[in-house]
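The values are calculated or read from the model by the stated rules, or taken from the named source; none is laboratory data. Source: prediction; values computed, not measured. When we count neighbours, we look across all protein chains shown, and the Cβ atoms used for this are built from the backbone with ideal geometry, even at glycine.
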Amino acid sequence: MKKHKKEHHEEHMDEAWLLPYADLLTLLLALFIILFASSQVDEKRYAQVMQGLNSAFNGGVSVFEESDTISLDEVSANDIKKLKESEQEQKLKDLINKEKQDMEAIKRKLDVFIMENGLTLQLQTNVTNDMLKITIQDYALFDSGMAVVKPEAQKLASVISDMLSMYPDYKVEVAGHTDNIPINTNEFDSNWDLSSRRSLNFMKYLLKANSINQARFRSIGYGEFQPIDTNETFEGRAKNRRVDVNIIRNTIEVKSIVP
């Protein structure tokens with residue numbers, strides 16, 4: 001009877017070592033799973049894992065018993081960079097969409113004015129990736145070879161100015177253009193002079209109509225060097241003689257950002 005009890009005791013002692021061995025294998029397996037699952041193992045995360053395993057070995061709180069909540073300190077620098085880039089990209093998309101909506105709104109208002117006043121032959125509007133372009137044929141603003149704004153064109157300047165005052169965040173370029181027929185008068189030595197004076201005079205009326213921040217504006221004369229049609233025909237030269245009011249967007253639409 002005594003021999004039987006002794007053998008039973010020895011069998012129990014032989015199996016006792018399996019428990020800590022199994023715990024060790026489990027913890028090692030968990031360590032390798034965590035390392036494999038991590039997209040990037042940095043020193044900070046490695047130290048945290050080792051601290052948790054060490055605590056488990058010494059009877060402390062196991063790494064598996066800690067909270068699943070990740071603090072900001074636990075986020076790697078790469079994760080923070082990606083988050084900031086994502087936020088900046090979203091802000092840029094929102095700004096691009098807002099500016100696009102603003103340009104379309106100004107265009108719609110101008111198109112209504114153009115139709116109601118029978119100016120479809122003298123004025124055109126076009127929204128591009130970087131601006132709203134308002135093109136005004138020269139005969140709607142000036143007499144031939146002159147740079148004095150016609151009295152009837154001052155109403156148009158007032159309408160455009162009213163719309164510009166509603167959107168104070170955009171810069172405005174007033175650009176004068178001519179055909180390639182040389183000019184040499186007592187007032188103008190070249191097409192450069194004529195186009196520059198015309199753009200400047202019309203810009204003054206835009207600024208005169210409203211209390212607009214003048215720092216937003218600039219005038220420039222391109223002479224004959226940015227034609228939109230041929231200079232070989234009368235009709236083509238008439239299209240090239242124009243003043244453009246360009247409302248410049250602050251952002252440029254990029255296909256990689258906005259599909």
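Laid out as a table, the results:
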{"read-out": "Qualifying residue in region 104-112 (condition: touching a Leu at 6+ places or on another chain (Cβ under 7 Å), surrounded by 10 or more Cβ atoms within 10 Å (Cβ to Cβ), part of a helix (DSSP H, G or I) and modelled with pLDDT of 90 or more)", "value": "yes"}
{"read-out": "Residue pairs meeting the criteria (Cβ under 7 Å; at least 6 apart or on separate chains; first part of a helix (DSSP H, G or I), in region 127-153; second surrounded by 15 or more Cβ atoms within 10 Å (Cβ to Cβ) and charged (D, E, K, R))", "value": "Asp138/Arg241; Asp138/Arg242"}
{"read-out": "Failed item in (1) modelled with pLDDT of 90 or more; (2) within 17 Å of the chain's Cα centre (by Cα), with Leu123 passing the rest", "value": "(2)"}
{"read-out": "Lone unmet requirement of (1) in contact with an Asp or Glu (Cβ under 7 Å, 6 or more places away or on another chain); (2) free of Cβ contacts under 8 Å to residues at least 60 places away in the same chain for Tyr167", "value": "(2)"}
